[in-house]
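Structure, as structure tokens:
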Amino acid sequence: MFMQQMVNGFSLGSMYALIAIGYTMVYGVLRLINFAHGDIMMVGGFLGFFGMEVLGLPFVAAVLLAIVGAALLGMASDRVAYRPLREAPKISLLITAIGVSFFLENAFNVFFGGVPRAFPVPAYLEVMVEFFGLMMPMSAVIVPIMTAFLLSVILWILFKTKYGMAIRALAFDVSTVNLMGIDANRVITLVFGMGSALAAVGGIFWAVNYPSVEPMMGVLVGLKAFAAAVVGGIGSVGGAVLGGLIIGFTEVVVIAFFPELGGYKDAFAFIFLILILLFKPTGILGIDFEKSRF
Amino acid sequence: MILKRVGFKMQAMKHKDFIIKLSMILGTVWFIWFANGHFDEYTVRILNNIAIFVILAVSYNLINGVTGQFSLEPNGFVAIGAYVTALLLISPDAKSYQYAIADPYPFVMTLQSNFVVALLLSGFLAALLALVLSFPVFRVRGDYLAIVTLGFGFIIKILAINHPEVTNGSLGLNDIPEFSNLYWTGGLAIVAVVVVLNIVNSKFGRAMKAVRDDEDAAIAMGVNTFKAKTLAFCTSAFFEGLGGGLLAALLTSISPDLFDFFFTFQLLIIIVLGGLGSTTGAIIGTVLVMGGSEWMRFLDEPMNLFGYETTAMPGMRMVVFSLVLIFIMLFAREGVMGKRELTDLFKSRKKGGK
């Protein structure tokens with residue numbers, strides 16, 4: 001029983017982590033809370049749904065379609081809505097991000113309906129497998145493995161490639177990066193693309209786990225993933241994963257052992273967030289962005 | 001001699017300002033009296049809504065526009081105000097039969113007060129909560145406030161749904177006596193505008209603007225930025241609670257779904273459209289958005305576009321609103337008024353300087 005819950009928590013935490021990485025990377029380079037990130041995850045889930053239901057693609061191809069589509073959408077949102085505001089006060093950027101988020105939610109709501117649609121989960125993900133004496137669906141095994149794989153890809157890009165070096169430099173100091181002859185806008189576009197691609201994977205996993213998609217599914221998940229990014233330390237990719245796992249575990253474990261608190265499960269992430277802000281505003285693995293100013 | 005004349009001129013300008021303000025207030029009072037007697041029920045209802053949203057928008061603008069702290073909490077504070085007022089106003093009789101999900105706590109049955117006390121309590125409880133929240137959120141800068149307050153709005157809704165002993169859960173509270181009328185809503189809107197304008201033009205208001213324009217410089221000049229932010233946050237929460245109370249007594253029934261994020265989004269688009277930081281702008285924005293939202297009702301209904309029947313699309317208005325918001329931010333960031341007030345428009349600018 002206990003081990004079973006640990007596996008569930010690990011699976012849920014991995015999904016939060018995938019989405020939190022996008023928040024933390026965008027915050028790192030732009031100091032922007034990208035409110036639309038949760039909705040890009042929703043679009044990822046929907047693209048997977050359309051890929052399978054409408055185009056009749058196999059699951060893996062639908063996932064690839066979702067990844068590419070969400071990455072393009074993320075880059076487009078940066079190009080259209082955020083790039084013109086680079087020099088504007090930060091509050092304008094936040095308001096625009098809310099506008100993009102609300103637009104995606106409501107556009108999907110109007111054109112595809114607000115009713116949850118059943119997600120066609122492929123049979124091989126629903127097979128129960130035995131794993132160290134525990135019975136669990138295949139998806140609960142695959143989600144953490146995929147997360148670990150994608151995390152290592154991201155870390156490889158960040159720390160072993162030239163683009164990764166540019167991203168890290170941008171997080172450090174924007175104006176100097178421009179002086180060094182790096183096109184900051186291209187790097188930011190790349191960050192949006194990477195973050196959105198991960199969000200799409202998270203969205204598909206979410207859709208597989210609760211086999212349905214609906215236009216508002218990104219709102220609460222997005223908020224919790226942001227809380228996870230802050231708890232882990234915003235700006236740090238490892239921190240985002242750690243924060244995601246902490247919040248996922250807490251949700252699962254608390255509900256498993258105190259079922260009467262079930263109605264409050266959506267509140268835990270914010271309680272964590274407030275505690276972290278009170279006692280260690282930089283998060284567990286955080287970088288102190290404010291220190292550089294004073 | 002010249003100094004004396006300048007002084008005289010200053011006096012005259014202050015005098016002029018005062019006359020403009022007084023005539024605005026008297027004009028509004030006359031309009032409320034006239035509207036109450038002559039307009040039909042539907043129009044009066046819209047005017048009531050506009051008056052309540054003026055209170056909310058003007059106070060929301062104080063924290064968002066004047067202080068530059070991006071908060072997304074109004075739905076939470078409005079919900080608190082609405083529930084407090086509702087619990088204090090509903091008669092014990094009406095309470096005894098509407099709790100369908102769980103039996104109410106005994107103290108819920110004994111809560112009872114008149115309208116004024118209920119409204120004041122709504123405001124004070126919201127302000128108190130804002131004070132408590134300001135300690136974690138103002139420890140870090142700016143944008144964390146957005147996410148904490150957004151989460152806080154969700155928590156309020158979750159609490160309301162999960163405590164049917166007090167709030168009757170997702171069914172909400174009904175049979176709230178309809179105390180709100182145009183005199184209450186309009187009168188309190190005037191009070192809110194006057195109070196907020198006085199804060200903006202006071203020492204505290206200048207500190208708030210300093211925080212918005214450059215927080216580091218404000219700290220260097222010895223401004224207590226925490227105090228300025230907290231004062232703005234609590235004042236805005238107070239009026240949002242009050243507005244929530246008025247709203248409850250206008251709608252006569254409330255439920256948690258009423259206070260979701262869309263509520264905040266409406267206020268956000270109001271103050272952005274009017275011009276962040278301008279109280280006049282907040283009022284103009286309210287009239288434009290509330291009026292526009294009534295006018296755009298046709299978008300949600302089936303339409304005949306060039307001989308092509310479209311089906312009903314509920315929510316189309318929201319798509320338009322979000323596009324308007326993005327558009328304003330990209331191309332007309334100042335909104336209608338920028339940071340100016342109505343009185344600024346009467347001042348001649350050719351003399352130079354302020």
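The values are calculated or read from the model by the stated rules, or taken from the named source; none is laboratory data. In this text, all values refer to a predicted model and were calculated from it rather than measured experimentally. Here the Cβ is made from the backbone with ideal geometry for all residues, glycine too, and neighbour counts use every protein chain on show.
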Mind counting the residues in region B:244-263 that are assigned to a helix (DSSP H, G or I) and surrounded by 24 or more Cβ atoms within 10 Å (Cβ to Cβ)?
7
Please verify whether B:Gly76 is assigned to a helix (DSSP H, G or I), within 14 Å of chain A (Cβ to nearest Cβ) and either within 23 Å of B:Phe262 (Cβ to Cβ) or not hydrophobic (A, V, I, L, M, F, W, C) (or both), treating the condition exactly as stated.
yes
Pick from A:Leu275, A:Leu190, A:Leu242, A:Leu261: which is part of a helix (DSSP H, G or I), out of contact with any Phe, Trp or Tyr (no Cβ under 7 Å at 6 or more places or on another chain) and modelled with pLDDT of 90 or more?
A:Leu242
How about region A:80-92: which of its residues are within 7 Å of chain B (Cβ to nearest Cβ) and either in contact with a strand residue (DSSP E or B) (Cβ under 7 Å, 6 or more places away or on another chain) or in a loop (DSSP other than H, G, I, E, B) (or both)?
A:Ala88
Taking region B:37-73 as the search range and keeping residues that are among the charged types (D, E, K, R) and assigned to a helix (DSSP H, G or I), which one is nearest to B:Tyr144 (Cα to Cα)?
B:Arg45
Can you tell me which residues in region B:145-169 are polar (S, T, N, Q) and not in a helix (DSSP H, G or I)?
B:Asn168
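Conditions (1) surrounded by fewer than 20 Cβ atoms within 10 Å (Cβ to Cβ); (2) among the aliphatic types (A, V, I, L, M), marked per residue:
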{"site": "A:Phe2", "(1), (2)": "yes, no"}
{"site": "A:Ser11", "(1), (2)": "no, no"}
{"site": "A:Ile21", "(1), (2)": "no, yes"}
{"site": "A:Val26", "(1), (2)": "no, yes"}
{"site": "A:Arg31", "(1), (2)": "yes, no"}
{"site": "A:Phe49", "(1), (2)": "no, no"}
{"site": "A:Val60", "(1), (2)": "yes, yes"}
{"site": "A:Leu73", "(1), (2)": "no, yes"}
{"site": "A:Ile91", "(1), (2)": "no, yes"}
Which one is surrounded by the most Cβ atoms within 10 Å (Cβ to Cβ) among residues in region B:316-349 that are under 17 Å from B:Gly65 (Cα atoms), aliphatic (A, V, I, L, M) and modelled with pLDDT under 85?
B:Met337
Out of the residues in region B:111-144 that are in a loop (DSSP other than H, G, I, E, B) and either touching a Phe, Trp or Tyr at 6+ places or on another chain (Cβ under 9 Å) or not aliphatic (A, V, I, L, M) (or both), state the one that is modelled with the highest pLDDT.
B:Asn114
Given (1) part of a helix (DSSP H, G or I); (2) under 24 Å from A:Ser92 (Cβ atoms); (3) modelled with pLDDT under 90, index of the condition B:Leu276 fails:
(1)
How many residues are surrounded by fewer than 24 Cβ atoms within 10 Å (Cβ to Cβ) and polar (S, T, N, Q) when one looks only at region A:186-204?
1
Can you find even one residue in region B:174-189 that is within 29 Å of B:Phe138 (Cβ to Cβ) and of a type in the set (A, V, I, L, M, F, W, C)?
yes
What are the pairs with Cβ atoms under 9 angstrom where one residue, in region A:235-250, is closer than 26 Å to A:Gly164 by Cβ and the other, located anywhere, is of a type in the set (Lys, Arg)? Sequence gap at least six, or different chains.
A:Gly244/A:Lys224
